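Here the structure is laid out as structure tokens; the discussion comes afterwards.
The values are calculated or read from the model by the stated rules, or taken from the named source; none is laboratory data. The model shown is predicted, which means the values in this text are computed figures rather than measured ones. Positions of Cβ are backbone-derived with ideal geometry, glycine not excepted, and every protein chain shown enters the neighbour counts. Side chains are part of the model used for accessible areas, which takes the heavy atoms of the whole protein and leaves out ligands, DNA and RNA. Shrake-Rupley method; radii C 1.70, N 1.55, O 1.52, S 1.80 Å.
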Amino acid sequence: MPIYNAEKFLRASLHRVCNQDLMHSDYEIILINDGSKDASAKIIAEFQKDYSNIILVNQKNKGVSAARNAGLDIATGDYITFVDADDEIFPDSLQQQIDYATANNLDLLYPKITYIDAEGNITGEFIMDSDKEEILDGFHHQRRGYIVAFYRRALIQNIRFNINLPIAEDSLFNIEVHAIAKRCSYNNLDYYRYRKGIVSSSQNTIPKTEKAFLGLIEFLHCINKIVKKNKNNFSEQQIRYYDRPYFVTILMMLQVNIIPTISISRFQILK
């Protein structure tokens, strides 16, 4: 769990994560305090007194990708999942996810995502293209941009979040995972409560910034690198798998970064 100035929802999030249907010895809770300046550290200290499976890493503010990478570097569990500090998971929902993943020998498990508002009221859910609980390889199973998933740790030991991407870092992470995952699945059991729409005005402007634009250029380069690196191993169909995120990103850049300001310089860079 990456934590940065998350005092508003952190206590509720930690309460859900810490009080699950697993013994404390069966799972570790890795908290990365990414240079918080509010009461987040105090809240974490309160929970550390009662939950021996909390592992705390304090670091200077480096961003969400660096925070997640710090957690990945020390995680020891068979499966790894991510929870944002302003989100929650359903009570007594963790065991059934682990049971499903282990029973089916999965590399990647996508659970159900329910949307909630600031008060915790359910407002909807993320709809998958298919809710079949089938097992497919990464090139045939639907990919999510969200990293709300369970990853076999052995599979992602050489995959990390790109710290140069201010947005879409989770999407790129999953693209890389799908390239090597052999057994992916989805289940429709209640698990993740995503606090949708709770962002600051500064976060709303991030996609429009020069840093975000250059980050998305990097995103396109990363997809190109994956394809070029594996061109002798991928089939034509597998190479085509990367077309969708590639061109969805280009469309977003045109709509957000180029057309509104009629930026010829940005268009030339993208071209």
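What to note about this one:
- Computed as a quarter of the hull surface, the mean projected area of the alpha carbon convex hull for segment 126-197 stands at 5.6 nm².
- Å² per residue, accessible surface of segment 51-99 at 1.4 Å: 44 Å²
- DSSP-defined antiparallel bridges as percent of all bridges, the chain, nearest 5: 40 percent
- Computed with a 1.4 Å probe over protein heavy atoms only, the accessible surface of segment 154-271 comes to 58 Å² per residue.
- Taking the average, over residues, of other Cβ atoms within 10 Å as the packing measure, peptides 134-141, 262-269, 8-15 rank 8-15, 134-141, 262-269 from highest down.
- Longest to shortest principal axis, alpha-carbon extents of the chain, angstrom: 56, 42, 35
- Most tightly packed first, judged by the mean number of other beta-carbon atoms within 10 Å of their residues, the peptides 142-155, 209-222 read 142-155, 209-222.
- Nearby aspartates and glutamates by direct alpha-carbon distance to residue 49 (threshold 19 angstrom, same-chain neighbours under 8 apart not counted): 7, 26, 28
- Helix-only CD estimate at 222 nm, as mean residue ellipticity for the chain, using -39500 (n - 2.57) per DSSP H run (n ≥ 4): -11000 deg cm²/dmol
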